[in-house]
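Report on the structure given below.
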Amino acid sequence: ALDMVLLATTAWSLSAVDVALVLGPGNPPTLAVLAWQWLSQGDELQQAKGALASLLLMAILGGLALVAWGGWRLQRQYQPDLHGVRHPHPHALPGRLLAALLPLSGLLGALLLAGLARSAPLQMDALGNSLGLALAACALGAAVCLLWLACGPARGDGWVWLPLVLPALPLADGQYRLALYAWLDGDWWTVLWGHLLWVVPWMLFILRPAWRQRDPRLTVVARTLGWGSTRIFWLLTLPSLTRPLLTALAVGFSVSIAQYLPTLWLGAGRIPTLTSQAVALSSGGEAQTLAAQALWQLLLPAVCFTLTALLAWLAGRYRRGLR
């Protein structure tokens, strides 16, 4: 599964538009930003250039994946035989220090944002849209994932991971074209559909290993006692997936909060969220308002992960089998 995670991270890095707009240089822009600018134009020639740039992003991703695969195969040829005995490595200390500094830097950034956002007005429309979309996306995503695991095919589901391992820009553009043809752009439910394209694969990525590790003997015993499929699912299968399901809900919530391109294009600018407002304010808005939007983007997933951790602890406390 590590190769899929690395490929998904590389795909996101190549096609990230919001981060490049906020942090990166505006001139020259990154290829993803340039493709986004071309695709946003009304001229068909500019849109064709944007489509070609999106294909170039996919080609770059394929080339990087091929180089990584070749390097891994080459490294395995010169890898010494492992005998299972671990020895202290002198280079482990810098890695541990870096791992400790990363959350500390995030905490310092949150404190800085809190200091800047003290006098900023709260934009309830953006906060409400982000919260509503995230809650609806993670709830619907959990239902879709459970239905897929319970009733879907056991094999041949590799296409489900395509939204994670492909650049997001061409996928979001395809969603936008479909919404335009169906006259559904600018609708709240269309934006929710756009978020689900990325929320469902991430939640399925977390739930599928836990689903496969279930003990089938419990189901056999339940069926011998006369339990039906519905009763087994609600009283046996679902409680055994409490912790991974809570983790998947938190991840789906965070993924929905961070969506920018689907919100911008499918919402047609009429569904403001914390992410879209933060990117818009980064080009010249007030620093206090921008800090408030960024702080809420940080706080909402943090609160969600805290609540899921608390609920998982309570589930393990009162259900011995979930400890």
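What follows is calculated from the coordinates using simple rules that are stated; it is not laboratory data. The structure displayed is predicted, hence computed values, not measured ones. As a convention, Cβ positions derive from the backbone with ideal geometry for all residues, glycine included, and neighbour counts pool all protein chains shown.
Based on alpha-carbon centroids, what's the gap between region 230-279 and region 139-205 in Å, whole number please?
11 Å
Please work out whether the chain counts as rounded, prolate or oblate from its C-alpha gyration tensor, where a ≥ b ≥ c are the square roots of the eigenvalues and a/c under 1.5 means rounded, while otherwise a/b larger than b/c means prolate and anything else oblate?
Taking the square roots of the gyration eigenvalues as a ≥ b ≥ c, the chain is rounded.
Which value, in debye to the nearest 20, gives the size of the charge dipole of the chain about its Cα centre, when Lys and Arg are +1 and Asp and Glu are -1 at the Cβ? Mind dumping the intermediate values first?
On the way: 20 positive and 12 negative charges, 351 e Å.
Here the chain has a charge dipole of around 1680 debye.
Stretched out fully, how many nm does the piece from Val67 to Gln46 gain, at 0.36 nm a residue minus the Cα gap?
Working it through step by step, the gained length comes to 4.4 nm.
Given a Förster radius of 22 Å and the C-beta distance between Ile60 and Leu2 as r, what FRET efficiency does 1/(1 + (r/R0)^6) yield to the nearest 0.05?
0.55
Just to be sure I understand the rule: take each whole DSSP H helix in the chain, project its Cα atoms onto its long axis, keep it if the span is 27 Å or more and its mean Kyte-Doolittle hydropathy is at least 1.6. Which ones pass?
92-116, 124-151
Calculate, for Leu238 and Ala280, the FRET efficiency according to 1/(1 + (r/R0)^6) with r their C-beta to C-beta distance and R0 51 Å; round to the nearest 0.05.
Computed FRET efficiency for Leu238 and Ala280: 0.80.
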